[in-house]
1. Would you pick out the residues in the stretch 258-275 that are in a strand (DSSP E or B) and closer than 20 Å to Q39 by Cα?
2. Listed residues C387, C379; which is closer than 17 Å to S309 by Cα and out of contact with any helix residue (DSSP H, G or I) (no Cβ under 6 Å at 6 or more places or on another chain)?
3. Please work out if V298 is modelled with pLDDT of 95 or more and open to solvent by 40 Å² or more (accessible area, probe 1.4 Å).
4. Among the numbered criteria (1) hydrophobic (A, V, I, L, M, F, W, C); (2) surrounded by 24 or more Cβ atoms within 10 Å (Cβ to Cβ); (3) without any contact (Cβ under 8 Å) to a residue 24 or more places away in the chain, which one does A15 miss?
5. Run P127 past the list (1) assigned to a helix (DSSP H, G or I); (2) out of contact with any Ser or Thr (no Cβ under 8 Å at 6 or more places or on another chain) and report the number of the one that doesn't hold.
6. Please determine whether any residue of the stretch 225-248 is polar (S, T, N, Q), more than 12 Å from the chain's Cα centre (by Cα) and under 22 Å from Y316 (Cβ atoms).
7. So which residues in the stretch 357-405 are aliphatic (A, V, I, L, M) and either within 12 Å of T320 (Cα to Cα) or under 25 Å from the mean Cα position of the chain (by Cα) (or both), if there are any at all?
8. Suppose we filter the stretch 23-43 for residues that are open to solvent by less than 60 Å² (accessible area, probe 1.4 Å), out of contact with any strand residue (DSSP E or B) (no Cβ under 8 Å at 6 or more places or on another chain), more than 14 Å from L116 (Cβ to Cβ) and touching a residue at least 60 places away in the same chain (Cβ under 8 Å); how many remain?
Amino acid sequence: YVAAVYEHESILSPAPAAWVERRSALELMGRNLDVYEQQVMAAARQGAQIIVFPEDGIHGFNFTRSSIYPYLDFVPHSHSGKWNPCREPYLFSDTEVVQRLSCMALKNKIFLVANLGTKQPCGRSDPRCPADGRYQFNTNVALGADGTLLATYRKHNLYFEYALDTPPEPDYAFFDTPFAGKFGMFTCFDILFFEPAVNLIRQYNLKQIVYPAAWMNQLPLLSAVEFQQAFATAFNVNILAANIHHPTLGMTGSGIYTPVKSFIYHNMESYGGKLIVAEIPVITTDYKTNLEKTPGRVSGKGKEQSPPSFYAEMMYDNFTFVPVWGEKGELQVCANTLCCYLNYQRPVLTDELYALGVFDGLHTVHGTYYVQACALVKCGGLSFSTCGQEVTDATALIDFQLWGNMSTPYIFPLLLTSGITLDFADHMGWKNNYYFLSKNRTSFGLLTAALYGRWYEKD
């Protein structure tokens, strides 16, 4: 099928914390919706059957609970698929934004997924009802090619969004399409948690995901395109990921991903939005990687001559590292119950320092979640203290096998190369309680090769 995602540079309110009237809020949102309309037309002309827009793209961010209120639409939260906002605008009030989205879908005969702020009144009988008598949600809507509201999803894992509420129960949102079956839906930070993302995919055996995000890149392990790709690979799904474009805030990185190929956009230099349109296969069956072909073994060799280990901070976590020296070797580094192993060859030695790092613990900065990670990274400089820094360029081509005795089945294989480009492993998967990732000759210099494990039970 042909899919489109749009990385949008939103027109932001100059003073998001100031209260404005609904009319002014609609005027600002209207300017973003004008851009959406042009992009929907462009995507439809290129044959796209579905288009996805980013999180916060219509209203922006940095609001307070009261200042966001004029920007919120009322969208009934039900999976009835009975309401067509474009054709029945009179059914509910304060639905101007969703009406426009619905009309775009209808006019261009395209499935459309967008993110907006929504409100839902509540009363004293609801013990969870906020003091101001309403819920405020970060909401995705999916609209059919006839403009019908097919599904809504209210973001569950809020990322410092103090103006908004977490829904009382996780939403498991999906909608059906004639061209690719069911699509599941979740938002940004949700991708790192079991609820509802992983549960949704497992429970409903979903193979296509739409994913609006406003993601701030964090290298070396959580750049948007890097993690989106890893997620598609780990769960064997297609992901249509639309991120917002604000390079000054470190926000860029969208794409259309299959488990074996990706069409991405990552641009920290220029301004303006970017439409990606790509044709991808519908995934219908469970694709199992052939683990038997995986070379490599866990050998005791190389432990004696492992170079000195050292500590350095990476992603705000205290990693234990060993330097990757010389043109080839076998290394191991351990922390808690996790041991990481690396066999490597560097056909051409460059004056770049690489290190193999391990972390097995609770990550507590910008969110709390348990990580088990084995990571081969390029350091920021030549001293040990620079390992774990954000690096975007590298020249070294390294052939490697990386493996670890991970305690969780949820492993995201990361393979990031120079200039924030993606590569794909030759082999990966489980063998005898070890998870492997191997690659001979990346296309560009290696930035990160990692097994990023999420041990959800220990969150």
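1. Residues of the stretch 258-275 in a strand (DSSP E or B): 258, 261-265, 274-275.
Passing the criteria: F263, I264, Y265, K274, L275.
2. Details: C379 fails: out of contact with any helix residue (DSSP H, G or I) (no Cβ under 6 Å at 6 or more places or on another chain).
When all the criteria are applied, what remains is C387.
3. Values: modelled with pLDDT of 95 or more: no; open to solvent by 40 Å² or more (accessible area, probe 1.4 Å): yes.
In short, no.
4. Checking A15 against (1) hydrophobic (A, V, I, L, M, F, W, C); (2) surrounded by 24 or more Cβ atoms within 10 Å (Cβ to Cβ); (3) without any contact (Cβ under 8 Å) to a residue 24 or more places away in the chain, the one that fails is (2).
5. It is condition (1) that P127 fails.
6. yes
7. Passing the criteria: V358, L362, V365, V371, A373, A375, L376, V377, V391, A394, L402.
8. Qualifying residue count for the region: 1.
The values are calculated or read from the model by the stated rules, or taken from the named source; none is laboratory data. Values in this document were obtained by computation on a predicted structure and should not be read as measured data. A quick note on method: Cβ atoms are made from the backbone with ideal geometry, for glycine too, and the neighbour counts reach across all protein chains shown. The area values use the complete protein model at the heavy-atom level, side chains included, leaving out ligands, DNA and RNA. Shrake-Rupley method; radii C 1.70, N 1.55, O 1.52, S 1.80 Å.
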